[in-house]
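The values are calculated or read from the model by the stated rules, or taken from the named source; none is laboratory data. All of these numbers come straight from a predicted model, not from anything done at the bench. Cβ placement follows ideal geometry from the backbone for every residue including glycine, while neighbour counts extend to all protein chains displayed. Each accessible area value is taken on the protein alone, full model and side chains, heavy atoms only, with ligands, DNA and RNA left out. Shrake-Rupley method; radii C 1.70, N 1.55, O 1.52, S 1.80 Å.
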Amino acid sequence: MDYRIVLTALRYALIEIRAAENLRKAQSLADVFHNVPNGIASGRSPEDIRAHLNQTAARLGCEDYINGLFDSAVKNMER
């Protein structure tokens, strides 16, 4: 995994937040992804950032959704 995948997943999350009709969904996505820029700036590895995202997603019950964003990001990188 590299930062491009993490940033692509963040981009997808921001699009989803902007388009969300459900405030709870938007808040959950924001909670999961809000530390990504700080993690990158502080030199945390992409794997460490993803592990933190997974912990937050598990706490909020949205693991499948977050995994889907990352799956889409990986597929986008393969193009």
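Note on the stretch 55-79: residues that are within 10 Å of V32 (Cβ to Cβ) and open to solvent by 60 Å² or more (accessible area, probe 1.4 Å) amount to 4.
Filtering the stretch 41-54 to residues that are open to solvent by 50 Å² or more (accessible area, probe 1.4 Å) and at negative phi leaves A41, S42, R44, E47, D48, H52, N54.
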